[in-house]
1. Would you mind classifying region 114-270 by shape? Square roots of the alpha carbon gyration tensor eigenvalues, ordered a ≥ b ≥ c; an a/c under 1.5 is rounded, otherwise it is prolate if a/b is larger than b/c and oblate if not.
2. Per residue of region 169-178, in order, report the coupling 6.51 cos²θ - 1.76 cosθ + 1.60 (Karplus, θ = phi - 60°) as ³J(HN,Hα) in whole Hz, putting x for Gly and Pro.
3. Just list whichever of Lys82/Lys175; Lys109/Lys175; Lys50/Lys175; Lys175/Lys288; Lys73/Lys175 have alpha carbons separated by over 31 Å in the model shown.
4. Just to confirm a number: summing +1 for Lys and Arg and -1 for Asp and Glu over residues other than Ala323 whose beta-carbon lies under 11 angstrom from that of Ala323, what do you get?
5. Pick out, in residue order, every one of the GluC sites (Glu not before Pro) in region 1-100 that is DSSP loop and has at most 12 other C-beta atoms within 10 Å; say none if there are none.
6. Positive end of the dipole of the chain, charges at C-beta (+1 Lys, Arg; -1 Asp, Glu), about the Cα centre: which of His200, Leu346, Ala53 has its Cα farthest in that direction?
7. Hey, what does the equivalent ellipsoid look like for the chain, semi-axes from the Cα gyration tensor as sqrt of 5 times each eigenvalue, largest first, whole Å?
8. So, with +1 on the Cβ of K and R and -1 on the Cβ of D and E, and no other charges, what is the size of the charge dipole of the chain about its Cα centre, to the nearest 20 debye?
Amino acid sequence: MTDLSTERGLAVELSDLTRVYGEVRALDGLTLHIEPGELVALLGPSGCGKTTALRILAGLDQATSGSVSVGGKDLTRVPANKRDMGMVFQAYSLFPHMTVIDNVAFGLKLRGSDSAARRKRAGDMLDLVGLSEHADRYAHQLSGGQQQRVALARALAVEPSVLLLDEPLSALDAKVRVQLRDEIRRVQLEVGTTTLFVTHDQEEALAVADRVGVMNAGRLEQLAPPAELYSAPATRFVGEFVGLSNRLPADVRDGVAAVLGREVPVLPGSTTGPGRALVRPESVSVVKDAEGAATVTTVMFLGPLSRVTCTLADGTDVVAQLASSDALRLVPGDAVRLEVAPSPVLVVA
Ligand code: ADP
Ligand code: MG
């Protein structure tokens, strides 16, 4: 098989980037290091600065202050067309009346590679994304998912040192979104290109990335592998934005929180004294108990797992996620005892 990659990825360094638009601080001291060949997902709500960060890395926008380097070279003042980056955006950006292969070869033509070399490389890229048999169709004849695969092939055709993806799946329907997400990751691992993937969809970020950076109001709140982000959120924002959490009354003393009558270790960044523990639904177990202080309010069947909502004596709702075989023994009105798993929790004020 042809070797599809040249350089196995370069390190990317965004240092203390600030971008001010009038009254808005779109970026507020963003520092992010991406390892060579790594895929980092920037995750955060709409307006938190993800696209601004990507555009500044691409050279399509200028930071108010801070610097950008790739492979140890300072690119802060290098124009976009000299930065050697491949990009895929949310909206299909193909030339609709060009064939698929001409779309993929377009960037190579701009770089002056000859016609045979272009066709060969573009053909290899279409192979990589599984679209060889559509090479001579027009772009507008393809589905949305196929068009985004062509856009990915086109971005990679020029062997960019960095691949930038800005919400590339947002316009697709749910099933195609998952397929293409897995495809992007497979291709990225195969070519080894350092990649920044911007998304507001946490499931997408957790599924594709080596590390996920959670952004809030122009800053990076936490950068960690998906499992760590989920099990050990560093801040309240991360704990609440990523995954579903209960906010249970807690009292913290000497690094241990009392939650639902049980002692649980606390994560760094937790408050002391009274607060609210962020507890995942799968960390709550529900035991039928006539003496129990909680009451089942709803049981929602979700397939292998079910979601059971209970109410504490003080009115706090607690959501538990249980195997359906256990959950279906419960009915609204049952008196139950709730227990939290002994995994560490973040306790917020
Ligand atoms: P995201 O991609 O996370 O949704 P953006 O990076 O697009 O967020 O935007 C961050 C903030 O900067 C938003 O408040 C947005 O309105 C503002 N912003 C982005 N681009 C511009 C611009 N060209 N002019 C003025 N404000 C902008
Ligand atoms: Mg955006």
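Just so you know, all these numbers are worked out from the coordinates, no wet-lab data involved. None of these values were measured; they are calculated from a predicted model. Ideal geometry is used to build each Cβ from the backbone, glycine not excepted, and the neighbour counts take in all protein chains shown.
1. Taking the square roots of the gyration eigenvalues as a ≥ b ≥ c, region 114-270 is prolate.
2. Couplings: 10, 5, 8, 9, 7, 3, 5, 5, 4, 5 Hz.
3. Flagged as over cut-off: Lys82/Lys175; Lys109/Lys175; Lys175/Lys288; Lys73/Lys175.
4. -1
5. Loop-located and lightly packed - Glu23.
6. Sorting the options by dipole projection puts first Ala53.
7. Gyration-tensor ellipsoid for the chain: 46, 25, 15 Å.
8. The dipole magnitude comes to about 760 debye.
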